[in-house]
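Undergrad: Let me give you the structure first, and then I'll get to my questions.
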Amino acid sequence: MDSMFNYLGPLRQQIPMLAGNRGRRGRLTFAEGDFAAVYAMSDIHGCYNELVEVHRRIEEDGARIPGPKLILLLGDYVDRGPDSSAVLEFLCKAPPAGFQRIALCGNHDAELVKLYRKPARILEWLGFAGSETLNSYGIDIEHLLQSAAGNETIARLIRNMIPERHIQFLESLPIMLRMGRVVFVHAGVKPGIDLDKQKDNDLMWIRQPFLEEGPQLPVLVIHGHTPARVPTFGPQRIGIDTAVSATGRLTVLTIKGTRVGIL
């Protein structure tokens with residue numbers, strides 16, 4: 001059963017449509033009533049089994065709700081957990097019947113794209129991401145480095161073993177979704193800066209001062225990126241990264257009308 005609380009009531013001011021700018025990832029806008037239910041989750045981090053189980057529960061819950069429904073993922077599909085390749089393959093497929101599904105881009109996703117396009121930065125990338133994602137594609141990067149494999153060998157393996165469609169999927173991901181007075185994004189927003197002036201880098205990477213100050217805009221921000229054992233509630237923000245790769249808990253936030261809950 002959802003634990004419900006009314007979080008949207010104080011946010012009365014509507015915000016304008018967001019125009020796209022060349023050179024940035026896409027930013028999507030929907031009206032408040034476009035979906036009868038929204039199911040949002042974040043930071044899957046290679047946890048395929050948990051992702052599949054959450055979809056099963058969402059389908060079960062959504063079967064009782066007439067009208068269009070949205071599954072929304074807030075980024076970081078790779079690294080840390082054991083099955084990044086399976087997670088991306090799952091997300092490349094069609095959503096469950098009766099649902100739309102939108103995935104936003106996280107910082108780990110953007111960094112994997114950079115590695116694929118420029119494999120020479122492998123040591124820098126490993127210091128950030130670790131080896132789990134490459135292992136999930138059958139690349140034993142530790143062995144390659146110990147055997148003094150050259151950059152060309154590593155680059156060839158990365159490009160041969162990681163399907164191009166996975167990278168194209170990550171490259172295609174938008175970075176923000178607005179739904180009336182609610183903003184969904186991976187990390188947060190730079191406080192006090194108009195949404196149409198937010199930089200991709202901040203939307204994927206920011207922590208402070210956003211976590212303490214909130215958006216300082218007339219919106220509620222739903223985000224991931226900063227892990228905690230349970231969802232966190234700050235000034236006009238809700239963090240839903242519950243560190244599934246460490247805790248086994250993949251939190252799903254629901255929005256049904258003006259009611260926000262946790263599935």
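Undergrad: Output yes when any residue across region 150-172 is of a type in the set (A, V, I, L, M, F, W, C) and not in a helix (DSSP H, G or I), and no when none is.
TA: Yes: region 150-172 contains one or more residues that are of a type in the set (A, V, I, L, M, F, W, C) and not in a helix (DSSP H, G or I).
Undergrad: Show the residue pairs that are 6+ apart or on different chains and have beta-carbon atoms under 7 Å apart, the first residue being within region 128-142 and within 14 Å of S85 (Cα to Cα), the second being in a helix (DSSP H, G or I) and of a type in the set (S, T, Y).
TA: Every condition considered, the pairs that remain are E132/S84; T133/S84; S136/S84; S136/S85; Y137/S85.
Undergrad: Further, regarding this structure: Against the condition more than 22 Å from M204 (Cα to Cα), crowded, with 17+ Cβ neighbours inside 10 Å, at pLDDT 95 or above and under 21 Å from the mean Cα position of the chain (by Cα), how does V54 come out, does it pass?
TA: The answer is yes for V54.
Undergrad: When region 207-247 is examined, which residues are found to be of a type in the set (V, I, T) and within 16 Å of G192 (Cβ to Cβ)?
TA: Within region 207-247, V219, V221 meet the criteria.
Undergrad: Scan region 176-223 for residues that are part of a loop (DSSP other than H, G, I, E, B) and surrounded by fewer than 24 Cβ atoms within 10 Å (Cβ to Cβ) and report the count.
TA: Matching residues across region 176-223 total 18.
Undergrad: Next question. Restricting region 116-137 to residues that are surrounded by fewer than 17 Cβ atoms within 10 Å (Cβ to Cβ) and more than 21 Å from E89 (Cβ to Cβ), which is nearest to the chain's Cα centre (by Cα)?
TA: Taking the candidates together, the pick is F128.
Undergrad: How many of the residues in region 82-116 are closer than 14 Å to G224 by Cβ, of a type in the set (G, A, S) and in a loop (DSSP other than H, G, I, E, B)?
TA: Qualifying residue count for the region: 1.
Undergrad: A further question follows. In region 239-263, which residues are more than 18 Å from the chain's Cα centre (by Cα) and not hydrophobic (A, V, I, L, M, F, W, C)?
TA: K256, G257, T258, R259, G261 - these are the residues of region 239-263 that are more than 18 Å from the chain's Cα centre (by Cα) and not hydrophobic (A, V, I, L, M, F, W, C).
Undergrad: I need a count of the residues in region 237-257 that are part of a loop (DSSP other than H, G, I, E, B), touching a Gly at 6+ places or on another chain (Cβ under 7 Å) and surrounded by fewer than 20 Cβ atoms within 10 Å (Cβ to Cβ).
TA: Within region 237-257, residues that are part of a loop (DSSP other than H, G, I, E, B), touching a Gly at 6+ places or on another chain (Cβ under 7 Å) and surrounded by fewer than 20 Cβ atoms within 10 Å (Cβ to Cβ) number 0.
Undergrad: Test of understanding: among I65, I58, which residue is closer than 24 Å to V183 by Cα and either in a helix (DSSP H, G or I) or free of Cβ contacts under 8 Å to residues at least 24 places away in the same chain (or both)?
TA: Result: I58 is the single residue among I65, I58 that is closer than 24 Å to V183 by Cα and either in a helix (DSSP H, G or I) or free of Cβ contacts under 8 Å to residues at least 24 places away in the same chain (or both).
Undergrad: Same structure, new question: Is region 79-92 home to any residue that is hydrophobic (A, V, I, L, M, F, W, C) and surrounded by fewer than 17 Cβ atoms within 10 Å (Cβ to Cβ)?
TA: Yes: region 79-92 contains one or more residues that are hydrophobic (A, V, I, L, M, F, W, C) and surrounded by fewer than 17 Cβ atoms within 10 Å (Cβ to Cβ).
Undergrad: Kindly indicate which of E59, E50 is farther than 25 Å from E152 by Cβ and in contact with a Pro (Cβ under 6 Å, 6 or more places away or on another chain).
TA: Residue meeting the stated conditions: E59.
The values are calculated or read from the model by the stated rules, or taken from the named source; none is laboratory data. Values in this document were obtained by computation on a predicted structure and should not be read as measured data. Note that each Cβ is placed from the backbone with ideal geometry, even for glycine, and that neighbours are counted across all protein chains shown.
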